[in-house]
Amino acid sequence: MSSLSRHAEAIRGELSKVIVGQRDLAELLLTALLADGHVLLEGVPGVAKTLTAKLLARTLSVPFSRLQFTPDLMPSDVLGTSVFRPQKGDFEFRPGPIFASVVLIDEINRAPAKTQSALFEVMEERQITQDGIRYPLPAPFVVLATQNPIEQEGTYRLPEAQLDRFLFKLSVGYPTLEEEVQILQGHHAGFGGTPLEAVQPVVSAADLQELRGQVGRQHVEPKLLEYIARLVGQTRAHKGLYLGASPRASLALLNGSKALAALRGRDFITPEDIQYLAQAVLRHRIQLTPEREMEGGTPDDVVKQILQQIEVPR
């Protein structure tokens, strides 16, 4: 795990040059990166969701693109389009901005269903199909998407099938008083704006593939596989939910736990790894009943309750 820890610390060090606090967020983003998963970042405007995603991309020596989703965005604006070549009498495919290793989608819930559906094949199969021809995306391929949790005007609810393709949904909160004072001090001292140039690439695509291989070789006890299955299965039987999590959630919890354990310097996972990631993996994959919503419940509350109900293997 020494190589993995060294690269992870290098990425953390680069992010800390600009980002104040948010250590848990950085750890979860690194976990998703090692687990080969996409991340949905949710938070109010101004809490550095987009900046954090851009900085993470800069620590990797891989192609990066950014998409601003709007209500008039078309699938071809994302995937690319076929252009007729008169001199040859045929069509040539021009790849869209989705053909990058790290793709930042800002305000993903502002695009309509037609454009959202263009991401289904991309996020799950890492390819697009245009005019009957398959075009694979570069490896690695990660989507980092942001959305505002409170603004409803001009937004569209993401389809459940698309939400299920995100490994994690992370809530980005406000900084503490001390962190905000530190932000102000840095800005006042001339460190304002978005100093992306301060962050340098420290991990190549080959390095990342090698690290992911190490994560895949993590040891997992059979009783922990059963623990994951019981946790996810309980979401399908919980009286406060009318939509439970799919087997994809179980796989996400397993892969995320293996990556988190590796980040923390272990070659085996523990029940604590699973519990730590349960909310990030499940909160966007379950839906409350109307009665539970009226009582003021949240998906995170239900996940906490399920964690308390299921016996922890030792």
Extension gain (nm, one decimal) between Thr176 and Gln127, 0.36 nm per residue minus Cα-Cα: 13.5 nm
Environment charge of Arg85, counting only residues whose C-beta is closer than 13 Å and scoring Lys/Arg +1, Asp/Glu -1: 0
Residue-by-residue Karplus 3J(HN,Hα) for segment 90-107, coefficients 6.51, -1.76, 1.60, Hz, glycine and proline x: 9, 10, 10, 7, 9, x, x, x, 5, 7, 8, 7, 10, 10, 9, 10, 8, 6
The chain - percent of accessible surface contributed by carbon and sulfur, probe 1.4 Å: 53
Test item: Cα-centred dipole of the chain, Lys/Arg +1 and Asp/Glu -1 on Cβ, debye: 620
Accessible area per residue in Å² at 1.4 Å probe, computed on segment 164-254: 57
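Please check the chain for the longest run free of GluC sites (Glu not before Pro) that are loop-located per DSSP (anything but H, G, I, E, B) and have at most 16 other Cβ atoms within 10 Å. Could the numbers behind the result be given before it?
Details: sites that count: Glu151, Glu153, Glu295, Glu311.
Between exposed loop sites, the widest span is 1-150.
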More than 18 Å apart - percent of Cα-Cα pairs taken over segment 9-162: 60
Positive minus negative residues near Leu243 (Lys, Arg vs Asp, Glu; Cβ under 15 Å): +4
Cα gyration tensor of segment 199-242 - equivalent ellipsoid semi-axes, whole Å, descending: 36, 17, 6
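In square angstrom, what is the accessible area per residue of segment 1-121 with a 1.4 angstrom probe?
Result: 41 Å² of accessible area for each residue.
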Projected area, mean over directions - segment 268-311, Cα convex hull, nm²: 3.5
Segment 163-275 - percent relative contact order, Cα under 8 Å, separation 6 or more: 26
Selected from Val62, Val83, Val142 as most flexible by GNM, with the chain as the system and alpha-carbon contacts under 10 Å: Val83
Potential extension, Ser61-Thr155 segment - 0.36 nm per residue separation minus Cα distance: 30.5 nm
Cleavage-rule hits, trypsin sites (Lys or Arg not before Pro), segment 198-245, DSSP coil, Cβ neighbours within 10 Å at most 14: Arg217, Arg236, Lys239
Rg and Dmax [Cα atoms of segment 111-255; Å; Rg one decimal, Dmax integer]: 20.4, 56
Low-density loop cleavage sites - trypsin sites (Lys or Arg not before Pro) in segment 1-50, where at most 13 other Cβ are within 10 Å (DSSP): Lys17
27 Å Cα-Cα threshold exceeded, pairs from Lys49/Lys223; Lys169/Lys239; Lys114/Lys304; Lys169/Lys304; Lys17/Lys304; Lys54/Lys223: Lys49/Lys223; Lys114/Lys304; Lys17/Lys304; Lys54/Lys223
Convex hull (Cα only) mean projected area of the chain, reported in nm² to one decimal: 19.1
Listed residue (Ala145, Leu231, Leu288) projecting farthest to the positive dipole end of the chain, Cβ model: Leu231
For Glu42, net neighbour charge (Lys/Arg +1, Asp/Glu -1) across residues whose Cβ lies under 10 Å away: +3
Value of Rg to Rh for segment 65-112 (Rh from inverse mean 1/r over Cα pairs, i.e. Kirkwood): 1.11
Trypsin sites (Lys or Arg not before Pro) within segment 243-299: DSSP coil, no more than 16 neighbouring Cβ in 10 Å: Arg266
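The values are calculated or read from the model by the stated rules, or taken from the named source; none is laboratory data. Being a predicted model, the structure only gives us computed values, none of them experimental. All Cβ positions, glycine included, derive from the backbone under ideal geometry; neighbour counts span all protein chains shown. What goes into the accessible areas is simple: the full protein's heavy atoms, side chains included, and nothing from ligands, DNA or RNA. Shrake-Rupley method; radii C 1.70, N 1.55, O 1.52, S 1.80 Å.
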